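Worksheet: the structure to be examined is printed underneath.
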Amino acid sequence: MIVFIYGTTAEAIKIAPVIRRLRDRGVQTQQWITMQHTEALVKVMGQLGLGEPDIVIAHGAKGRPLRGSKDVLTWGTTIAGWLRRNRKRLKATLPENTVIVVHGDTMTSVVGAYIAKRLGLPCAHIEAGLRSGNWRHPFPEELDRRIVGTMATVHYTPSEEATRNLAKRKNVVYTYGNTALDAVLDHGDQAGAADDPFGVVLLHRYEFISNPQLVDDTIASLQQSPVPLRLIVDVYNRETLEKSLAKSGGDRITIIPKLSHDAFVEMLKSASFVVTDSGGIQAESALLGLPTLIHRKTTEQGEGIGRNIVLSEWDLGRLTGFLSDYESMRHGLERPEHSPSDIIVDDLIARGYGH
């Protein structure tokens, strides 16, 4: 049995290629979700063909998405109670060859690794070994992945640097990239640029949204874009970004709701550029050769940096420079030699999990 524990839409998107490949090979899987993202997660699971969850560990914070420390505490208490009530039953009923798989650097990643430990099961960590070198940036993601790394028993690393970071660990498997690559490539090759140029903006991380002055200054800088911008919002960032946008007084930015992954990938393929703080989009943009500015203090991923991707370090001068010269950074799609998801699936099966 291969059990995937996840709770956010980004995790679902990156895990989906692995689950689809396992199903194609007749491997038994289950999905246990924490609903860190609530309705949005359920919606994206349907869009990705993942179906219904086998177990709902928690319904977010009493049905609400996690927005602050109080919600996290409520959510964590619910999960602790669930584990206390179900631990003995799960230990008695799960097959001996069960492994729990977690992804990335979310609070659910930590929860999943801890559940595996309490159940006496091995834990496989997809997108392991990434390190920014600064626990404050990104926060809390850098702490999350370090904690998961201490509990995981198999580590699927997406880069050579991540592999070196775990050189002292056992069972480290280099996957030649992020499963986000398969999430994009499963939709086909790159489309052409749109007839009416536009840029895509997705800024949602806690460390950015919780810094009002940085948000206001960033939106003001984006209003100087040479092409119209589509600013993607969801329940977590909508209020903050709408307030900042109203204060900016410009007309270059249009708010759009969060899209399905299929629709988002198609939009990326025809965009002029992207400004984002998302690590997943960094991997997708690197693959597509799409000019991209990563609006973060630091990034734990090296994909595309110095080629078609620039790190802002929250330097607004670097942002405005990118907006004026993004076209010089464009490259074509370079299909990778290896599929990260295939490597993970082959390794899980070779270890005897799922049969």
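Assorted remarks:
- Of the residues making up the range 93-124, those that are in contact (Cβ under 8 Å) with a residue 12 or more places away in the chain and farther than 30 Å from T299 by Cβ are L94, P95, N97, T98, R118, L119, G120, L121.
- Every pair of residues 6+ apart whose Cβ atoms lie under 6 Å, when the first sits in the range 288-306 and is open to solvent by less than 30 Å² (accessible area, probe 1.4 Å) and at pLDDT 90 or above while the second is in a loop (DSSP other than H, G, I, E, B) and hydroxyl-bearing (S, T, Y): L293/S312; H295/S312
- Looking at L48, L22, L73, L66, just one residue is modelled with pLDDT of 95 or more and not aromatic (F, W, Y), and that residue is L22.
- Per-region count, the range 41-54, residues surrounded by fewer than 19 Cβ atoms within 10 Å (Cβ to Cβ) and either in contact with a Lys or Arg (Cβ under 7 Å, 6 or more places away or on another chain) or over 13 Å from P65 (Cα atoms) (or both): 8
- Candidates are the residues of the range 204-227 that are under 20 Å from S69 (Cβ atoms) and open to solvent by 30 Å² or more (accessible area, probe 1.4 Å); the one that is farthest from the chain's Cα centre (by Cα) is P212.
- Of the numbered criteria (1) open to solvent by 10 Å² or more (accessible area, probe 1.4 Å); (2) at pLDDT 95 or above; (3) over 27 Å from S278 (Cβ atoms), the one N97 fails is (2).
- Listed by first and then second residue, the pairs with beta-carbon distance under 9 Å, at least 6 apart or on different chains, first residue in the range 1-17 and on the phi > 0 side of the Ramachandran plot and surrounded by 24 or more Cβ atoms within 10 Å (Cβ to Cβ), second of a type outside the set (S, T, Y) and at pLDDT below 95, form an empty list.
The values are calculated or read from the model by the stated rules, or taken from the named source; none is laboratory data. Predicted model, so just to flag it, every value in this text is computed and none were measured. Please note: Cβ atoms are built from the backbone with ideal geometry, for glycine as well, and neighbour counts cover all protein chains shown. Please note that ligands, DNA and RNA were not included when accessible areas were found on the heavy atoms of the full protein model with its side chains. Shrake-Rupley method; radii C 1.70, N 1.55, O 1.52, S 1.80 Å.
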